1. Mind jotting down the three principal axis lengths of the range 19-171 based on Cα atoms? Whole angstrom, largest first.
2. Distance from the Cα centre of the range 143-157 to that of the range 210-249, in angstrom?
3. Tell me, 274, 50 in order of fewest to most beta-carbon neighbours within 10 Å?
4. When only Cα pairs under 8 Å and 6 or more residues apart are kept, what is the percent relative contact order across the range 66-168?
5. Work the Kirkwood hydrodynamic radius out for the range 150-205: mean of 1/r over every pair of different alpha-carbon atoms, inverted, in Å.
6. DSSP beta bridges in the chain, what fraction antiparallel, as a percent rounded to 5?
7. Long-range amide H contacts for residue 54: which residues qualify at under 5 Å (H placed 1.01 Å from N, peptide plane, sequence gap of 5 or more or a different chain)?
8. Which whole-number percent is the relative contact order of the range 1-103 (Cα, under 8 Å, 6+ apart)?
Amino acid sequence: MQVYTTIRELREALEEKRREGKRIGLVPTMGFLHAGHASLLERARRESDTVVLSIFVNPTQFGPNEDLDRYPRDPEGDLRLARDNGVDYVFMPEPSEMYPRPSATGIAVSGITSVLCGASRPGHFDGVALVVSKLFHIVKPHRAYFGMKDAQQVAVITRMVEDLNLDVEIVPCPIVREDSGLALSSRNVYLSDEEKRQALVLSESLSRSPIWLQEAGGDALALQKQIAEHIAKTPLADIDYVQVLTYPDLERPTTAAAAKSAWIIALAVRFGKTRLIDNRLLSLEELALAAPPIPQGTKGV
Ligand code: PAF
């Protein structure tokens with residue numbers, strides 16, 4: 001495994017691989033790696049000849065009052081996990097390597113960034129889109145792997161790739177959870193034992209939502225209300241948002257019966273100082289199950 005801190009060295013190494021016709025898989029991360037990242041690396045390892053892991057806490061995606069300085073870091077642990085998961089190249093640049101001066105060029109994906117985390121973290125997805133497109137230009141991967149825990153990020157990056165005709169396939173990978181149901185996140189280390197116990201209300205609400213949707217006659221807003229009321233009963237939970245939207249367009253749906261695309265149930269809730277996100281997709285098949293039966297005599301009309 002080679003570790004590079006400069007764009008020039010990484011490019012040289014990858015140029016050779018490309019000349020040999022190797023398929024390159026990229027897993028972009030901000031480090032403090034856990035089993036969720038390991039699952040992305042495993043998938044990349046299975047599907048690529050050369051696996052590149054980038055570790056870069058990207059300043060442009062943090063707002064002025066966000067946790068950039070507090071963001072957890074563990075370079076040695078990260079390199080161990082990378083080695084254990086068969087990574088070929090680790091790219092660990094300093095901020096001055098990625099941004100020798102403030103970027104005068106920006107990338108803004110509109111519409112889908114005005115809801116969910118985009119609404120509560122203005123500018124966040126501009127920073128994500130900028131750094132991910134820089135990484136795509138530096139690494140030129142055939143495929144790039146992203147976790148569905150940040151489903152809005154996956155939607156934004158997929159849309160950017162589509163709109164700009166970037167020659168890379170985005171591979172969304174399933175959320176990895178602890179046995180308790182808590183979605184793995186680098187931010188979980190900040191939770192006290194009690195906050196961690198109460199945070200289970202997120203995965204529990206997501207598991208119950210197909211039943212709640214059926215009970216609500218397939219109505220999206222009623223499901224949203226039911227989930228928010230359930231989470232609000234948890235003393236340490238401070239809701240940022242509970243939203244049911246279409247996926248990947250992130251528009252307001254009406255009823256399961258009228259659904260033309262999957263839905264996402266997206267949650268962002270603070271426990272103490274720690275803001276957790278979690279989500280569940282409801283496929284068209286699951287939505288059809290939740291839709292009330294068509295009244296007798298109107299079938300086929
Ligand atoms: O999901 C992350 O860790 C970051 O947003 C990403 C995609 C590495 C960009 O900095």
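1. Result for the range 19-171: principal-axis Cα extents of 39, 35, 30 Å.
2. For the range 143-157 versus the range 210-249, the Cα centre distance is 22 Å.
3. Details: 274 18, 50 23.
Least crowded to most crowded, the residues run 274, 50.
4. 23 percent
5. Working: mean 1/r = 0.0738 Å⁻¹.
After inverting the mean inverse Cα-Cα distance, the result is 13.5 Å.
6. On the way: 20 of 39 bridges.
Approximately 50 percent, going by the DSSP bridge assignments.
7. Under 5 Å from the amide H of residue 54 lie the amide H atoms of 27, 29, 91, each far enough along the sequence or on another chain.
8. Details: 146 pairs, mean separation 42.3, N = 103.
Contact order relative to length: 41 percent.
Every number in this text was worked out from the coordinates using simple rules, so none of it is lab data. A quick note: this is a predicted structure, and the numbers were derived from the prediction, not measured. Because the Cβ atoms are built from the backbone with ideal geometry, glycine has one as well, and the counts that use them run over all protein chains shown.
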